[in-house]
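A.B. asks: Got a structure here, written out as structure tokens. Questions coming.
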Amino acid sequence: MNHPDPALLSLNTATVRAQWKLDAIIAGCERYGIRGIAPWRDQIAELGLRETQRRIRDAGLAVTGLCRGGFFTARGRPGLAAAIEENRRAIEEAAELSAQCLVLVVGGLPDGSRDIADARALVEEGIAAILQDARDAAVPL
């Protein structure tokens, strides 16, 4: 059996979050020759953005994606403005980490709703509101 070249892999940190904290994940990627990493924002917040940035740089890793933005539908229309602001912060973090993209998990139906058209409209409005911010920061969504 041929094994893939680990240098061609990127590790989404959610896959090992139960086993390792972010600093250990970064060290593990370096140790096993995995050259890409897609960290989650909650893990970055725990370690600190600057410290995460330093450790990733020192390990020679590429940030293939920052997980995650989106969730425009999570609190329905009343929560859209807060979701947009949170996504703007995520774009800033992605730019700081030189992430190749910000991964969006846009959300499903708000609690208690059966209105898929409104959920889609929330997603469209949310993405439209952050698109120029992402372009200005050179962060693909």
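Per-residue answers, yes or no, for (1) more than 30 Å from D118 (Cα to Cα); (2) in the same structural domain as A129 (by TED's automatic domain parsing):
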{"residue": "Y32", "(1), (2)": "yes, no"}
{"residue": "E46", "(1), (2)": "yes, no"}
{"residue": "D58", "(1), (2)": "yes, no"}
{"residue": "R75", "(1), (2)": "no, yes"}
{"residue": "G79", "(1), (2)": "no, yes"}
{"residue": "L97", "(1), (2)": "yes, yes"}
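A.B. asks: Do we have V16 as on the phi < 0 side of the Ramachandran plot and touching a residue at least 24 places away in the same chain (Cβ under 8 Å) here?
C.D. replies: The answer is no for V16.
A.B. asks: Among the numbered conditions (1) over 18 Å from the mean Cα position of the chain (by Cα); (2) among the basic types (K, R); (3) in the same structural domain as A129 (by TED's automatic domain parsing), tell me where R88 comes up short.
C.D. replies: That leaves (1) as the condition not met.
A.B. asks: Moving on. Taking S98 as meeting all but one of (1) more than 23 Å from N12 (Cα to Cα); (2) out of contact with any helix residue (DSSP H, G or I) (no Cβ under 8 Å at 6 or more places or on another chain), write down the number of the exception.
C.D. replies: Only one criterion is unmet by S98, namely (1).
A.B. asks: Please note which strands (runs of 3 or more DSSP E) are completely contained in region 1-115 and include at least 2 residues that are modelled with pLDDT of 95 or more and surrounded by 20 or more Cβ atoms within 10 Å (Cβ to Cβ).
C.D. replies: Because the criterion is at least 2 residues that are modelled with pLDDT of 95 or more and surrounded by 20 or more Cβ atoms within 10 Å (Cβ to Cβ), the strands (runs of 3 or more DSSP E) in region 1-115 that meet it are 36-38, 66-70, 102-105.
A.B. asks: What's the number of the only condition in (1) in a loop (DSSP other than H, G, I, E, B); (2) farther than 25 Å from I44 by Cα that A119 fails to meet?
C.D. replies: All conditions are met except number (1).
A.B. asks: A further question on this structure: Confirm whether A14 is aliphatic (A, V, I, L, M), touching a strand residue (DSSP E or B) at 6+ places or on another chain (Cβ under 9 Å), over 21 Å from A137 (Cα atoms) and outside the structural domain of R120 (by TED's automatic domain parsing).
C.D. replies: In short, yes.
A.B. asks: Tell me, please, whether a residue that is assigned by TED's automatic domain parsing to the domain that holds P4 and of a type in the set (A, V, I, L, M) can be found in region 106-113.
C.D. replies: There is no residue in region 106-113 that is assigned by TED's automatic domain parsing to the domain that holds P4 and of a type in the set (A, V, I, L, M).
A.B. asks: Give region 43-65 a look and list any residue that's closer than 16 Å to E92 by Cβ and not hydrophobic (A, V, I, L, M, F, W, C), or say none.
C.D. replies: G48, R50, T52, Q53, G65
A.B. asks: Would you be able to tell me the number of residues in region 43-77 that are free of Cβ contacts under 8 Å to residues at least 12 places away in the same chain, among the basic types (K, R) and under 20 Å from R31 (Cβ atoms)?
C.D. replies: 2
A.B. asks: Still on this structure, I have one more. Within region 126-139, track down each residue that is acidic (D, E) and surrounded by 15 or more Cβ atoms within 10 Å (Cβ to Cβ).
C.D. replies: D133
The values are calculated or read from the model by the stated rules, or taken from the named source; none is laboratory data. Just so we're clear, the structure is a prediction, and the values are computed from it rather than from any experiment. FYI the Cβ positions are ideal-geometry reconstructions off the backbone, even for glycines, and counts take in every protein chain you see.
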